[in-house]
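K.L.:
Quick one: the structure is below, questions incoming.
The values are calculated or read from the model by the stated rules, or taken from the named source; none is laboratory data. Keep in mind that what you see is a predicted model, and the values were worked out from it rather than measured. A quick note on method: Cβ atoms are made from the backbone with ideal geometry, for glycine too, and the neighbour counts reach across all protein chains shown.
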């Protein structure tokens, strides 16, 4: 796949890793999904920077899979980080910012 051709840190490879994490999460394979989302996040932070929209998506995805595993404090920290980043980079009314805000709400009730 893209990792063999483009390398493990190419943005397209990291998108594939992130997508795999999302598929694994939907299948209920949360530990595997978490590992993929961590890998995507670490790669995107290194290659794209901590405030790039794709990096913020990885942070949000990781927050969601952490929440699915009952790791609510870690999930809240990730969702807060995603929200703060998207407010700063994209603005408070951008759809991704509003999604990040909505993702944070359930952590208050857990």
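K.L.:
Looking at 91, 49, 43, can you tell me which residue is at pLDDT 95 or above, in a loop (DSSP other than H, G, I, E, B) and out of contact with any strand residue (DSSP E or B) (no Cβ under 6 Å at 6 or more places or on another chain)?
P.N.:
Only one candidate qualifies: 49.
K.L.:
What residue, among those in segment 39-50 that are under 15 Å from residue 15 (Cβ atoms) and under 12 Å from the mean Cα position of the chain (by Cα), is surrounded by the most Cβ atoms within 10 Å (Cβ to Cβ)?
P.N.:
Taking the candidates together, the pick is 40.
K.L.:
Looking at 33, 77, which is the one that is in a helix (DSSP H, G or I) and surrounded by 19 or more Cβ atoms within 10 Å (Cβ to Cβ)?
P.N.:
Selected residue: 33, the only one of 33, 77 that is in a helix (DSSP H, G or I) and surrounded by 19 or more Cβ atoms within 10 Å (Cβ to Cβ).
K.L.:
Quick one: which residue in 20, 6, 14 is at pLDDT below 95 and either buried (at least 17 other Cβ atoms within 10 Å of the Cβ) or at negative phi (or both)?
P.N.:
6
K.L.:
On the given criteria, is residue 63 more than 23 Å from residue 10 (Cβ to Cβ) and either out of contact with any strand residue (DSSP E or B) (no Cβ under 6 Å at 6 or more places or on another chain) or buried (at least 17 other Cβ atoms within 10 Å of the Cβ) (or both)?
P.N.:
In short, yes.
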